[in-house]
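Below is one structure, written out as structure tokens, with a few remarks after it.
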Amino acid sequence: MFENLTERLSHTLKSVTGKAKLSEENIKETLREVRMALLEADVALPVVREFIKRIKEKAVGQSVQVSLNPGQTFVKIVQNELIEVMGSTNDELNLATQPPAIILMAGLQGAGKTTSAVKLGKWLKERQKKSVMVVSADVYRPAAIKQLETLANETGLHFFPSYTDQKPVDIVSRAIRETKIKHADVLIVDTAGRLHIDEQMMDEIKQLHHATNPIETLFVVDAMTGQDAANTAKVFNDALPLTGVVLTKADGDARGGAALSVRHITGKPIKFMGTGEKIDALESFYPDRIASRILGMGDVLSLIEEAELKLDKKKADKLAKKLKKGKGFDLEDFRDQLQQMKKMGGLSGVMDKLPGMGGMSQQMPGQMDNKVFAQMEAIINSMTRKERANPDIMNGSRKKRIAAGSGTNIQDINRLIKQHKQMSKMMKKVSKKGGMAKLMRGLGGMKGQMPSGMGGMLSPGASKKFPF
């Protein structure tokens, strides 16, 4: 997400970094470029106008902090305004009510309400240890009910069945009773969508809202629709007392217009964003972290949180002990690392959260996705234990057999062996005393290029939180 905007802003902000003083004259061209970058990112025009106006007011005549040069001061102002326009802080779900806490999901057809309902249920179950029930009030699409049931069963959520001959209000009333019987903490209601906003749709969802009195009413919107997402959210907000927004398909939105427009236009916070098709691809929306990503500063805090949740700590500890004893990093270890990386959204998912690395996935198309990881796993799985333990024994005939077994060619196998050797060398360095801390300090060296406070996220102490 934000790749285009990050590239444009990074290039534009470089032009002001060498200025001795911030004045209206020397930031005029930079502001024009920032304005164009935001418009190209499909940010709503009123948001752009207000954004540029506030930056200009704060930048001109700004007293430069001792720790920052004028260019860094300007970048810091831009960063602060990005945070402000997206809502300053993360707005958490409000579940402070007598159980069950009811969450109503609203939005247009195709926005991703059904998958978002299950993603949110899984998030609540795993992060907040809540017992969650889901129900579909979409009586117009039998497939939506079936989809919700299938996904709920896969993720261990309670599912309340509904049928197309029932009334939505009756369905939800019964679901609330069942939720109380099962002592579930939360009931998530998936509602019907339409291809466009119409009176019938609005009347139905108003009735549902009145009947259920939800503590959270979340508007689910496709990030790829840009500023239209914010405009649609405003229409829903005028009809319903929305409490927040879920931005879906954020991983496919290279522009970022929706994220930068929704809060300003609706006055409602973005609470979550969907970052992929997988059922665990849902992130809490932190404006400060997103602003850092937009400016190419990475998002190490989110990376650490994701690592702590998704990585297998036992395997990581086992590998660390093995390397400490001086034992080699073999191909089975390499396969484990590939599997761990896949859990983190692939190499691109990690790179996008590292400072200065956000554009790498675009510069290396096809080299950082999970398909490549799957191919590498297939190659390793086609080897014998002896070959995985000692890749040096592989000759031509062995490689031919492995290629036939994995559906690849010898060049792919040679490439994997080369990559394994490179990673093995890196692991040896990391395994030495202070190796990981040195690696993180290397990243921390970038903090001189960041506004004050950002570098602290990359302190050597942060490396202890990484289980890999």
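The values are calculated or read from the model by the stated rules, or taken from the named source; none is laboratory data. The structure displayed is predicted, hence computed values, not measured ones. Cβ sites come from the backbone with ideal geometry, for glycine too, and all protein chains shown count toward neighbours. Areas reflect the complete protein model, heavy atoms only, side chains present, ligands, DNA and RNA absent. Shrake-Rupley method; radii C 1.70, N 1.55, O 1.52, S 1.80 Å.
Structure data summary
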quantity: Entirely in the range 18-125, the helices (runs of 4 or more DSSP H) that have 3 or more residues that are surrounded by fewer than 13 Cβ atoms within 10 Å (Cβ to Cβ) and either at pLDDT 80 or above or among the charged types (D, E, K, R) (or both); calculated: 24-40, 45-59
quantity: The range 209-234, subset more than 19 Å from residue 103 (Cβ to Cβ) and of a type in the set (Val, Ile, Thr), residue modelled with the highest pLDDT; calculated: 232
quantity: Members of the range 365-391 found to be farther than 17 Å from residue 335 by Cα and either open to solvent by 70 Å² or more (accessible area, probe 1.4 Å) or at pLDDT 90 or above (or both), listed by number; calculated: 365
quantity: Residue within the range 441-462 that is in contact with a Pro (Cβ under 6 Å, 6 or more places away or on another chain), closer than 30 Å to residue 289 by Cα, in a helix (DSSP H, G or I) and modelled with pLDDT under 50 present; calculated: yes
quantity: Filter result for the condition that a residue is part of a helix (DSSP H, G or I), modelled with pLDDT of 65 or more and touching a helix residue (DSSP H, G or I) at 6+ places or on another chain (Cβ under 8 Å), over 318, 322, 314; calculated: 322
quantity: Odd one out for residue 308 among (1) under 21 Å from residue 7 (Cβ atoms); (2) open to solvent by 40 Å² or more (accessible area, probe 1.4 Å); (3) modelled with pLDDT under 80; calculated: (1)
quantity: The range 277-305: number of residues that are assigned to a loop (DSSP other than H, G, I, E, B), at pLDDT 80 or above and not hydrophobic (A, V, I, L, M, F, W, C); calculated: 4
quantity: Filtered residue count, the range 126-137, keeping only those that are more than 19 Å from the chain's Cα centre (by Cα) and open to solvent by 10 Å² or more (accessible area, probe 1.4 Å); calculated: 3
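This table checks each residue for (1) in contact with a Pro (Cβ under 9 Å, 6 or more places away or on another chain); (2) without any contact (Cβ under 8 Å) to a residue 12 or more places away in the chain; (3) over 21 Å from residue 143 (Cα atoms).
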position: 183; (1), (2), (3): yes, no, yes
position: 190; (1), (2), (3): no, no, no
position: 194; (1), (2), (3): no, no, no
position: 212; (1), (2), (3): no, no, yes
position: 225; (1), (2), (3): no, no, yes
position: 230; (1), (2), (3): no, no, yes
position: 233; (1), (2), (3): no, no, yes
